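A.B. asks: Got a structure for you, written out below as C-alpha cells; questions coming shortly.
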Amino acid sequence: MGTFARCQLDCLNCQTIALSVFGTLKRDELSDLNKHKMSLEVKKGSVIFYENNLPSGFYCVHKGKVKVYKTADNGDIQITRLAKDGNIIGYRSMLANEPYKGTAETIEDSIICFIPRHAILELIGKNLDFSLKIMESFAEELDLAQKRSLDILYKSSKERLAEALILLSESFGVDARGFIQIKLTRAELAAITGMVHETVVRTLTEWEKDGLLELDKKLIRIADRRKLLKLTQLED
C-alpha cells in the first residue's frame with residue numbers, strides 16, 4: 001500500500017491551483033474546498049487507489065508524478081496515463097459512479113489531495129466554469145486513449161517509442177542538462193508503448209549509439225530531436 005502522512009495545505013494559497021480544474025473556483029468556494037479536502041504526503045511506489053475499487057471522491061496531484069495502469073489476466077500492465085502537478089485522477093469513475101478502471105501509483109514522492117464526492121458534486125452544481133473544465137479534462141483523456149489505441153494498431157514499436165519520448169519531453173519538460181524530467185523504468189516505457197521490455201532496452205541502446213539519445217540510468221535526453229521526429233508521424 002505504501003506510506004501516507006497527513007499534511008496541511010491551504011487551497012487559498014496553493015501554487016498548483018492555477019494548473020488544475022480548481023483554478024476556476026472563487027475564493028469562497030476554495031474556502032469550502034479547504035474544509036472537505038484531505039492532503040497526503042505519499043511515498044514513491046504507494047498505491048493511491050486500486051483497479052475495480054469503488055471511488056468515494058477523486059484526487060488532485062499537488063506535487064509529484066503518478067502512473068495509472070490496467071493489469072491484464074496474465075499480470076502484464078498497461079500504463080494508460082501519467083499525471084503531474086495539477087492533474088486530477090479518478091474523476092471519470094467517480095462521476096460515472098463505477099469502479100476505478102485502473103490502479104494509480106506514485107512514481108516519486110508526491111503530495112496528493114483527496115476531495116470527497118459530495119464536495120465535487122456541489123461545485124459542479126454551482127460553478128459552470130468548473131463543470132466545463134472537468135468536461136475538457138475528460139475530452140482530452142478520451143482523445144489520448146483513442147490515439148493510443150490507433151497507434152498500437154497502425155504504428156511500429158519504434159514509432160510508438162519515439163513518439164512517447166517526444167510527448168514525455170513536451171509534457172514534463174527537461175532539466176538544465178536537457179534530460180526529461182520524469183524517471184521511468186524500461187518496463188514502464190514498455191507498458192506505455194505496448195512493447196516488450198527487451199525491445200525497449202534494445203531500441204534505446206541502439207538510439208544512444210546512433211546519437212539520438214543520451215541515457216543516464218532512468219533519465220533520457222533527446223540528443224537529436226529532428227532525427228527522432230523522423231521516426232514518428234509528428235510535426236515539429
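A.B. asks: Regarding the range 161-175, can at least one residue be identified that is in a helix (DSSP H, G or I), surrounded by fewer than 12 Cβ atoms within 10 Å (Cβ to Cβ), out of contact with any Lys or Arg (no Cβ under 9 Å at 6 or more places or on another chain) and not basic (Lys, Arg)?
C.D. replies: Checked the range 161-175: at least one residue is in a helix (DSSP H, G or I), surrounded by fewer than 12 Cβ atoms within 10 Å (Cβ to Cβ), out of contact with any Lys or Arg (no Cβ under 9 Å at 6 or more places or on another chain) and not basic (Lys, Arg).
A.B. asks: Conditions: (1) modelled with pLDDT of 95 or more; (2) crowded, with 20+ Cβ neighbours inside 10 Å; (3) under 15 Å from the mean Cα position of the chain (by Cα); (4) farther than 17 Å from Ala191 by Cβ. Val42 meets all but one. Number of the miss?
C.D. replies: For Val42, the exception is condition (3).
A.B. asks: I've got another one for you. Select from the range 20-46 the residues that are in contact (Cβ under 8 Å) with a residue 40 or more places away in the chain and either in a helix (DSSP H, G or I) or over 23 Å from Ala119 (Cα atoms) (or both) and list them in ascending order.
C.D. replies: If the condition is that a residue be in contact (Cβ under 8 Å) with a residue 40 or more places away in the chain and either in a helix (DSSP H, G or I) or over 23 Å from Ala119 (Cα atoms) (or both), then Val21, Phe22, Gly23, Thr24, Glu29, Asp32, Leu33, His36, Lys43, Lys44, Gly45, Ser46 are the ones that fit.
A.B. asks: Also, I was wondering about something else. If I ask for residues that are hydrophobic (A, V, I, L, M, F, W, C) and touching a helix residue (DSSP H, G or I) at 6+ places or on another chain (Cβ under 7 Å), which ones from the range 61-97 would you list?
C.D. replies: Selection gives Ile77, Ile79, Ile88, Met94.
A.B. asks: Picking from Ala5, Ala72, Ala18, which residue would you name as being modelled with pLDDT under 95 and closer than 21 Å to Gly194 by Cα?
C.D. replies: Ala72
A.B. asks: Right, something else. Within 30 Å of Glu29 (Cβ to Cβ), of a type in the set (Asp, Glu) and at pLDDT below 95 - does that describe any residue in the range 148-155?
C.D. replies: no
The values are calculated or read from the model by the stated rules, or taken from the named source; none is laboratory data. Please read these numbers as outputs of a predicted model, since none were measured by experiment. FYI the Cβ positions are ideal-geometry reconstructions off the backbone, even for glycines, and counts take in every protein chain you see.
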